[in-house]
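J.: Input: one structure, supplied below.
The values are calculated or read from the model by the stated rules, or taken from the named source; none is laboratory data. Keep in mind it's a predicted model, so treat the numbers as computed, not measured. Cβ placement follows ideal geometry from the backbone for every residue including glycine, while neighbour counts extend to all protein chains displayed.
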Amino acid sequence: MIGYYVHHHGSGHVKRMMTLADHLDSQVTVLSSLPAPKGWAGEWVVLAPDDLAAAPVDPTAHGTLHWAPRYDGGLRARVNQVTEWIDRVRPSLFVVDVSVEAAILVRLTGTPLVIVAMPGDRRDGPHQIAYDLADALLAPWSEHLGLGPSGDGRLTKTWHVGAFSRFDGRTRAAGTAPDGSVRRSALLLWGAGGIEKLDALVDEARSATPGWSWSVAGPGRWLDEDALWQELRAADVVVTHAGQNAVAEVAAAAAPSVVIASPRPYDEQVHTVRAISRAGIAVGLEGWPEPNHWPDLLARAQDLGGQGWRRWAPGDGAQRAAACLDELVAHLRHQHTTAAWPA
């Protein structure tokens, strides 16, 4: 049995887990503040929220953690739920995506730990402690991109599997070439947060690019999986934020792209767009551009094409990740034999 903690912010963590779980031989139980998504058939433990206090007191525990406010009944209940589940089920391994506090808690129960690594500047004390505690770090990007944990000890235990998404295995787009005689299409793929007045910004982009038609997949126009895939494949250029899941989905479609960083803790998305730019995969921006820049940006994206995305997402990242987890479970079972979780 593998326990799997899924962070409740956004939808990317849960989508990544579901994609990975499809390829695991090991059984998975998810623990999260989120409700079980449609289509999930396994066990799902809904955790209490950890932010019930109206005015959180010392949430960083004197700067040693990210979120552990004093006297928060939800946090206390959440900790009890996790440790009770571990004590009852005695999993072979626990995956955390992502939470420093969940990672430390799991390891304090004596449970082997894998942490899903994240881009960005993670040199703060809490992240360093969690990464050091982990038996392995799962990095959903290629090693040559220069993202994620550093240091010899961490690199040797990091699994660089490449980005993966629910669209892996579908037929990739062949890429489109500029054609001034045809009205071209731009798809904006965006999430629920990140930029205020998004509609106004898209209207400005439309006005600045009269030869392009713009559509939106995101706020105000949420698409189901099949519809989104068709639009990703049909677009001449996809404009997306730099969240890991969104980028992985664009990569699966091999779509010529403009990738824009939204403000996130630890400059996560800034580091992502810098890596994309360095590798020459797509046009990477650290913030939303001025309207008059859009014609050049879209043209540059088309010139680059989308085939470079294969260096970001090889197409079998989820299979690689699942194989690493299953192999670690087998190794731990062999290493400990009957000594594991004595009665």
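J.: Does residue 96 fit the bill of being in contact (Cβ under 8 Å) with a residue 40 or more places away in the chain, crowded, with 21+ Cβ neighbours inside 10 Å and in contact with a strand residue (DSSP E or B) (Cβ under 6 Å, 6 or more places away or on another chain)?
T.: yes
J.: Pairs under 8 Å by beta carbon, first residue more than 20 Å from residue 149 (Cα to Cα) in the range 256-283, partner of a type in the set (Phe, Trp, Tyr) and part of a helix (DSSP H, G or I), six or more apart or different chains?
T.: Listed pairs, sorted by first residue: 257/309; 281/309; 282/309.
J.: Quick one: how many residues across the range 306-320 are touching a Ser or Thr at 6+ places or on another chain (Cβ under 9 Å) and either in a helix (DSSP H, G or I) or buried (at least 19 other Cβ atoms within 10 Å of the Cβ) (or both)?
T.: Total satisfying the criteria: 7.
J.: Quick check on residue 288: is it among the aromatic types (Phe, Trp, Tyr) and surrounded by fewer than 19 Cβ atoms within 10 Å (Cβ to Cβ)?
T.: Taking the combined requirement at face value, the residue satisfies it.
J.: If I go through the range 61-93 residue by residue, how many of them are of a type in the set (D, E, K, R), touching a residue at least 24 places away in the same chain (Cβ under 8 Å) and part of a loop (DSSP other than H, G, I, E, B)?
T.: Within the range 61-93, residues that are of a type in the set (D, E, K, R), touching a residue at least 24 places away in the same chain (Cβ under 8 Å) and part of a loop (DSSP other than H, G, I, E, B) number 1.
J.: Can you work out which of the residues in the range 120-135 that are in a loop (DSSP other than H, G, I, E, B) and in contact with a strand residue (DSSP E or B) (Cβ under 9 Å, 6 or more places away or on another chain) is surrounded by the most Cβ atoms within 10 Å (Cβ to Cβ)?
T.: Residue satisfying both the conditions and the ranking: 134.
J.: Among the residues in the range 261-268, are any in contact with a Leu (Cβ under 9 Å, 6 or more places away or on another chain) and in the same structural domain as residue 188 (by TED's automatic domain parsing)?
T.: yes
J.: Please enumerate the residues belonging to the range 9-53 that are within 27 Å of residue 73 (Cα to Cα), touching a residue at least 60 places away in the same chain (Cβ under 8 Å) and assigned to a loop (DSSP other than H, G, I, E, B).
T.: 10, 11
J.: Is there a residue in the range 242-252 that is assigned to a strand (DSSP E or B) and outside the structural domain of residue 149 (by TED's automatic domain parsing)?
T.: Looking for residues that are assigned to a strand (DSSP E or B) and outside the structural domain of residue 149 (by TED's automatic domain parsing), one finds none in the range 242-252, hence no.
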